[in-house]
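Student: The structure under discussion is supplied below as structure tokens; questions concerning it will follow.
The values are calculated or read from the model by the stated rules, or taken from the named source; none is laboratory data. Please read all numbers here as calculations on a predicted model, not as lab measurements. Backbone-built Cβ (ideal geometry, glycine too); neighbour counts: all protein chains shown. Side chains are part of the model used for accessible areas, which takes the heavy atoms of the whole protein and leaves out ligands, DNA and RNA. Shrake-Rupley method; radii C 1.70, N 1.55, O 1.52, S 1.80 Å.
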Amino acid sequence: MSASEAIEKTIKAGKVLRQVKEEAIKLIKPGVKLLEVAEFVEGRIVELGAKPAFPCNISINSDAAHFTPKKGDERVFKEGDLVKLDVGAHIDGYIADTAISVDLGDHNDLVKASEEALKNAIDAIHAGIDTAELGDVIESTIKEFGYKPIINLTGHGLQRWIAHAPPTIYNFSTKKGVVLEEGMIIAIEPFATNGVGKVVERSEIEIFSLINPKPVRMKLAREMLEEIKQYRTLPFAKRWLNRVSDFVINKLVRDGVLRAYPVLTEVGKGLVSQAEHTVVVEEDGARIVT
Ligand code: MN
Ligand code: MN
């Protein structure tokens with residue numbers, strides 16, 4: 001797995017995502033089920049020759065991240081919704097990650113704030129830049145629109161089978177970050193809000209990942225882990241499993257076998273917009289792969 005293999009496969013995964021994202025946006029309309037869009041995205045990624053790197057995230061209004069519909073979910077998009085569609089695909093573990101805000105209401109400025117922040121940050125990237133500068137660009141762009149960045153959601157590196165790898169790329173000004181190097185694959189993802197600028201967990205959890213595959217005694221837990229192993233260290237949705245029990249999932253989380261990703265919601269109930277691209281750091285700039 002040479003550096004060029006990583007970049008080539010990330011670029012291929014990114015190309016798949018670009019098409020899936022474009023097609024999925026057209027489906028997001030009032031009255032349409034969230035589950036229909038999530039299943040379309042995940043199925044289409046496979047049809048186009050990649051695999052989902054994580055469940056299709058569809059976080060609405062004050063929810064910022066980690067919402068995915070459950071099995072049989074009847075919830076639909078509503079007039080006025082601010083929808084964040086966050087999708088990931090991988091080829092042999094090499095991941096591309098991208099997100100877009102779809103506005104079913106009157107939130108154009110808030111959507112623009114995260115889009116412009118993303119654009120300005122990508123324009124600033126080159127080998128040798130400190131990620132602290134990117135945080136500064138993102139924060140000042142979002143503030144120009146009169147909004148706040150969300151301080152505890154970040155951009156990140158992408159490594160084989162690891163959807164959130166170092167470096168952490170903050171969406172606000174920090175004293176010192178990490179110096180980016182040529183060939184690094186990173187995701188930049190500003191979040192803008194008219195709320196407080198911070199997310200907290202709420203009780204709904206549909207996304208998990210395997211962090212410590214130690215032997216378990218319960219038969220159902222063993223069967224579930226056999227099924228989960230195909231996702232390696234990447235996040236999966238509870239609705240992807242054939243054999244599933246909340247009791248067993250909760251026990252596996254308590255025992256440190258699985259990690260849970262609760263839905264993250266804006267603490268001040270503010271609306272949240274998000275924009276995200278995966279890029280490869282180049283000597284003089286950045287190549288957007290999504
Ligand atoms: Mn993402
Ligand atoms: Mn990301």
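Student: Sum -39500 (n - 2.57) across every DSSP H segment of at least 4 residues in the chain, then divide by the residue count to get the 222 nm mean residue ellipticity, nearest 500.
Tutor: Details: 6 runs with 89 residues, N = 290.
For the chain, the value works out to -10000 deg cm²/dmol.
Student: How many lysine pairs are close in the stretch 10-141, with Cα atoms under 14 Å apart and the two 8 or more places apart or on different chains?
Tutor: Count of close lysine pairs: 10.
Student: Follow-up. Restricting everything to alpha-carbon atoms, can you work out Rg to Rh for the stretch 125-201 with a Kirkwood hydrodynamic radius?
Tutor: We get a ratio of 0.99 for the stretch 125-201.
Student: If you find the alpha carbon centre of the stretch 182-219 and of the stretch 242-264, how far apart are they in angstrom?
Tutor: 13
Student: Further question on the same structure: Run through every distinct alpha carbon pair of the stretch 150-290 and return the Kirkwood hydrodynamic radius in angstroms, one decimal place.
Tutor: On the way: mean 1/r = 0.0578 Å⁻¹.
The answer is 17.3 Å.
Student: OK, next. Considering the dipole of the stretch 205-263 built from charges on the beta carbon (Lys and Arg +1, Asp and Glu -1) around the Cα centre, which of Tyr231, Leu241, Ile211 is farthest to its positive end?
Tutor: Of the candidates, Ile211 comes out farthest on the positive side.
Student: Right, something else. Step by step: find N for the stretch 1-92, compute 2.2 N^0.38 Å, then divide the Cα radius of gyration by it. What's the final number? Each step should come with its number before you reach the end.
Tutor: Numbers: Rg = 14.1 Å, N = 92, 2.2 N^0.38 = 12.3 Å.
Against the empirical 2.2 N^0.38 Å value, I get 1.15 for the stretch 1-92.
Student: Moving on. Quick one: accessible surface of Trp161, probe radius 1.4 Å, all protein chains present, in square angstrom to the nearest 10.
Tutor: 50
Student: What is the Cα centroid distance between the stretch 104-181 and the stretch 1-38, reported in whole angstrom?
Tutor: After rounding, the separation between the Cα centres reads 21 Å.
Student: While we're on this one: If the cut-off is 19 Å between C-alpha atoms, which lysines fall inside it for Lys214, apart from same-chain ones fewer than 8 positions away?
Tutor: By straight Cα distance, Lys214 reaches Lys229, Lys251.
Student: For the chain, I need the span (max minus min coordinate) of the C-alpha atoms along each principal axis, in Å, sorted largest to smallest.
Tutor: Reported extents, whole Å, longest axis first: 54, 47, 35.
Student: Go from 0 up to the bin containing the longest alpha carbon distance in the stretch 39-182, width 10 Å each, and give me the % of pairs per bin.
Tutor: 11, 35, 36, 17, 2
Student: Further question: I'd like the accessible area for Glu139: 1.4 Å probe, protein heavy atoms, all chains in place, Å² to the nearest 10.
Tutor: For Glu139, the solvent-accessible surface is approximately 40 Å².
Student: Let me ask something else. Can you give me the relative contact order of the chain as a percent, contacts being Cα pairs under 8 Å and 6 or more apart?
Tutor: Relative contact order here is 23 percent.
Student: Further question: At a threshold of 8 angstrom on Cα-Cα distance, excluding pairs fewer than six apart, so keeping six or more, what relative contact order does the stretch 205-263 reach in percent?
Tutor: Details: 70 pairs, mean separation 32.8, N = 59.
Normalised by residue count, the contact order of the stretch 205-263 is 56 percent.
Student: Between rounded, prolate and oblate, where does the stretch 54-120 land on the alpha carbon gyration tensor, with a ≥ b ≥ c its root eigenvalues, rounded for a/c under 1.5, else prolate if a/b exceeds b/c? Don't skip to the end; give the middle numbers.
Tutor: Values: a/c = 3.02, a/b = 1.11, b/c = 2.72.
Oblate, since a/c reaches 1.5 and b/c is not below a/b.
Student: Could you pull the accessible area for His277 with a 1.4 Å probe, rounded to 10 Å²?
Tutor: Approximately 40 Å² for this residue.
Student: Related question: How large is the Rg to Rh ratio of the stretch 205-263 when both quantities use alpha carbon positions and Rh follows Kirkwood? Let's see the in-between values first.
Tutor: Numbers: Rg = 10.0 Å, Rh = 11.1 Å.
Across the stretch 205-263, the Cα-based Rg/Rh ratio is 0.89.
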